[in-house]
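The values are calculated or read from the model by the stated rules, or taken from the named source; none is laboratory data. Remember, it's a predicted structure, so these values are computed and weren't measured experimentally. Positions of Cβ are generated from backbone atoms using ideal geometry, with glycine treated the same way; all protein chains shown enter the neighbour counts.
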Amino acid sequence: MNIVVCVKYVPDATADRQFESDNTVDRVGVDGLLSELDEYAVEQALQLKEKGEDIEVTALCVGPEKGVDAVRKALQMGVDKGIHVVDDAIAGSDAIATSLVLAKAIEKIGVPDLVMCGMASTDAGMSVVPAMLAERLDLPQVTFAAVIETQGDQVRIKRDSDTATEIVGGTMPLVMSVTDQTGEARYPSFKGIMAAKKKPLETWSLSDIGVDASEVGLSVAWTSVEETAARPPRTAGEIVKDEDGAGATALVGFLASKKFI
Amino acid sequence: MSEVLVLVDHVDGAIRKPTLELLAIAKRIGSPSAVLIASADQTDAAVARLTAFGAEKVYVVDDAEIKGYLVAPKAEVLQQLIEKTSPAAVLIVSGYEGKEIAGRLAIKTGSGLITDAVDVDADGTTTQSVFAGNFTAKAKVTTGTPIITVKPNAAAPEETAGAGAVEQFAATISDSAKKAQIVASQPRQASGRPELTEAAIIVSGGRGTGGNFEPVEGLADALGAAVGASRAAVDSGWMPHSFQVGQTGKVVSPQLYVANGISGAIQHRAGMQTSKTIVAVNKDEEAPIFELVDFGVVGDLHAVLPKATEEINQRKG
Ligand SMILES: Cc1cc2nc3c(=O)[nH]c(=O)nc-3n(C[C@H](O)[C@H](O)[C@H](O)COP(=O)(O)OP(=O)(O)OC[C@H]3O[C@@H](n4cnc5c(N)ncnc54)[C@H](O)[C@@H]3O)c2cc1C
Ligand SMILES: Nc1ncnc2c1ncn2[C@@H]1O[C@H](COP(=O)(O)O)[C@@H](O)[C@H]1O
């Protein structure tokens, strides 16, 4: 069985994230890392690998030069192979173009039994790439998995949808996205870090996967961001210490002054 | 005037409030046409309600072939309706399902997609809140039919009746769209409180509750609020995941958010930072949540909340 895990390289959420003057996300100026939410997908792929036999897991990242760090981290965690698609033309791509590049790369790898994704990237966070990939690869999707079960080529996941808890099932090949409810992701062990150095890691350009530069990037995005603005900082609020119940009274006074009561 | 397709979000025919908000937004852009995918016994009441809130047209699609499957068939319905009507835009509620339908639809129709809009102008310009609410962005779809998913509370529903002309629409669902099945579905139990994503007021609790949510629920009920929770409270098994506010839970933007025993980690902030008024009760005056608040109480929530609840109930008489 083959699994491809899509891992995104994102600006560190705890750093000061910014926009460039062309309203694209600054992916170079701030430190980046493997999107935390994709670690859960890597973890679940590795757990499937450990449960089964003859399972190969490939980590795939579309991103800037430094994005190779995200692939390396996945290799250190235990995936078998890494592929990094990097090309100047990709910069500024929206989800539509990103999903095209991912789909073409997956086709070149050979469509696997499972394409696994995080539930959302921690920067753009649209949660649409898995559905777009499924559409492009003409595969079913089982998404936002909180619990995953597989038996042969059958997949069942449990998920919290908007109004219900659901069990969703499908037959491989399919696209799956994984939530943080699936359980903590492992840290790379020292052994894992050493082993990763010897694992295959390929770098592909757009021409390697048969995508024309004119199909991706900011200039062909199907949406345009017209302006971005930092939210005005919140003005410092009033803070009271609770002494002998004064806190509750002050709180109720505040709520009443704002007409919430 | 061009039609604007609004995909109706409903549970067994009961229309959810965000759909009524979408009808109000659709009116700004063009002529609202609701797309109702439901079973025959659910349609009459649903059509009446959609009409009351401004639907000029309602496309009724029988869900017999659709309801057991995940999102892909709904994307096909919308694709076929786009071909038929060449709408000015397609509006979908921003939730897990809505965004996935939108994602598939965008690829199918070669259309640009904007998700999580908090406002939409008459010309289709959207406002989004990005980077955990630290930035706002204005964007527009430039290719194809604008597909926009809109967050709850982006507009007020408008109760002005439309023509409500019903048109049965027979969609063709492909076999490949039926490959992901909903094997079982357990509807969420009604709590009697407002829904988290729709509520005007949310009172939430974190690890600081120590697992006792009674003070939080008491205050919520006194204020007519929804109850929320941090991931720490969910991970501890004190509250179901559907109550979680934050990056991997619900992203909310109520008029008032009251955080109790919640430290204010970035992932929690990502889900509540755009709330209009923020209040926190925390016994640690250094807790980062206090950086966000309009009003904060440094104190033990187990003492502060019950007393505040009692005072509120007294005021209400
Ligand atoms: C990938 C990822 C996704 C995540 N997604 C989310 C998410 O969606 N939502 C989310 O909330 N978190 C999320 N987290 C977790 C987040 O990082 C924090 O761990 C979590 O929000 C902490 O919850 P807490 O504030 O309840 O607990 P803590 O950080 O432990 O804070 C408890 C607070 O309660 C106060 N306290 C204790 N006792 C009392 C008392 N008696 N009275 C008053 N105050 C008291 C303490 O002073 C403290 O400030 C995510 C983390 C990761 C890695
Ligand atoms: N550039 C990328 N490279 C690899 N995987 C990606 C990329 N963008 C998105 N993904 C995958 O798609 C998921 C959802 O992304 P998004 O739709 O951007 O929220 C992520 O968690 C990743 O698994």
Open item on the list: Can you report the number of residues in region B:139-171 which are surrounded by fewer than 18 Cβ atoms within 10 Å (Cβ to Cβ), part of a strand (DSSP E or B) and within 7 Å of another protein chain (Cβ to nearest Cβ)?
Closed with: 1
Task: Single match in A:Ala103, A:Ala59, A:Ala89 (criterion: in contact with a Leu (Cβ under 9 Å, 6 or more places away or on another chain) and either assigned to a strand (DSSP E or B) or charged (D, E, K, R) (or both)) - done: A:Ala59
TODO: Output the number of the condition that B:Ala200 fails; it satisfies all remaining conditions of (1) under 24 Å from A:Gly183 (Cα atoms); (2) surrounded by fewer than 20 Cβ atoms within 10 Å (Cβ to Cβ); (3) among the hydrophobic types (A, V, I, L, M, F, W, C).
DONE: (1)
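Considering region B:209-233 alone, what residues qualify as being more than 8 Å from ligand 1 (Cβ to nearest atom) and at the interface with chain A (Cβ under 10 Å from one of its Cβ atoms)? Even if it seems obvious, please write down each step before you answer.
Quick first cut of region B:209-233, residues more than 8 Å from ligand 1 (Cβ to nearest atom) only: B:211-228.
Across region B:209-233, the qualifying residues are B:Leu219, B:Ala222, B:Leu223, B:Gly224, B:Ala225.
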- [ ] Say whether the condition of being more than 24 Å from A:Met172 (Cβ to Cβ), modelled with pLDDT under 95, surrounded by 24 or more Cβ atoms within 10 Å (Cβ to Cβ) and not β-branched (Val, Ile, Thr) is met by at least one residue in region A:112-131.
- [x] no
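Picking from A:Pro233, A:Pro188, which residue would you name as being at pLDDT 95 or above and either farther than 30 Å from A:Thr122 by Cβ or part of a loop (DSSP other than H, G, I, E, B) (or both)? Spell out the reasoning first.
Details: A:Pro233 fails: at pLDDT 95 or above.
Among A:Pro233, A:Pro188, only A:Pro188 is at pLDDT 95 or above and either farther than 30 Å from A:Thr122 by Cβ or part of a loop (DSSP other than H, G, I, E, B) (or both).
Quick check on my filter: what residues within region A:147-170 are more than 7 Å from every other protein chain (Cβ to nearest Cβ) and in contact (Cβ under 8 Å) with a residue 12 or more places away in the chain?
As a first pass, look at region A:147-170 and keep what is more than 7 Å from every other protein chain (Cβ to nearest Cβ): A:147-155, A:157-159.
Across region A:147-170, the qualifying residues are A:Val147, A:Ile148, A:Thr150, A:Asp153, A:Gln154, A:Val155, A:Ile157, A:Lys158, A:Arg159.
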- [ ] Report yes if B:Ala106 is of a type in the set (A, V, I, L, M, F, W, C), in a helix (DSSP H, G or I) and facing chain A (nearest Cβ under 8 Å), otherwise no.
- [x] yes
TODO: Looking only at region A:212-222, decide whether some residue is in contact (Cβ under 8 Å) with a residue 60 or more places away in the chain, in a strand (DSSP E or B) and surrounded by 15 or more Cβ atoms within 10 Å (Cβ to Cβ).
DONE: no
Task: Residue in region A:63-70 that is among the small types (Gly, Ala, Ser) and over 10 Å from A:Val7 (Cα atoms) present - done: no
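Looking at region B:114-138 only, could you name the residues that are in a strand (DSSP E or B) and within 7 Å of chain A (Cβ to nearest Cβ)? Steps first, answer last, please.
If we filter region B:114-138 for residues that are in a strand (DSSP E or B), which is where we start, we get B:114-120, B:126-130, B:135-138.
Passing the criteria: B:Ile114, B:Thr115, B:Phe135, B:Thr136, B:Ala137, B:Lys138.
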- [ ] Filter region A:193-221 for residues that are within 14 Å of chain B (Cβ to nearest Cβ) and more than 21 Å from the chain's Cα centre (by Cα) and give the result.
- [x] A:Ser214, A:Glu215, A:Ser219, A:Val220
TODO: Return the pairs, sorted by first residue and then second, in which the second residue is assigned to a strand (DSSP E or B), the first residue lies in region A:228-252 and is of a type in the set (A, V, I, L, M, F, W, C), the beta carbons are less than 6 Å apart, and the residues are 6+ apart or on different chains.
DONE: A:Ala229/B:Thr136; A:Ala230/B:Phe135; A:Ile239/B:Gly296; A:Val240/B:Val297; A:Ala250/A:Val240; A:Leu251/B:Val297
TODO: Determine, yes or no, whether A:Ser161 is farther than 30 Å from A:Ser205 by Cβ, at pLDDT below 95 and more than 15 Å from ligand 2 (Cβ to nearest atom).
DONE: yes
Task: Residues satisfying the stated conditions in region B:216-245, i.e. in a loop (DSSP other than H, G, I, E, B) and surrounded by 24 or more Cβ atoms within 10 Å (Cβ to Cβ) - done: B:Ala225, B:Ser230
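Among the listed residues A:Ser99, A:Ser121, identify the single one that is within 19 Å of the chain's Cα centre (by Cα) and facing another protein chain (nearest Cβ under 8 Å). Can you show your working first?
Values: A:Ser121 fails: facing another protein chain (nearest Cβ under 8 Å).
The match here is A:Ser99.
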- [ ] List the number of the failed condition for B:Gln255; all other conditions in (1) more than 9 Å from chain A (Cβ to nearest Cβ); (2) more than 9 Å from ligand 1 (Cβ to nearest atom); (3) among the polar types (S, T, N, Q) hold.
- [x] (1)
- [ ] For A:Thr228, indicate whether it is out of contact with any Leu (no Cβ under 6 Å at 6 or more places or on another chain) and either charged (D, E, K, R) or not in a helix (DSSP H, G or I) (or both).
- [x] yes
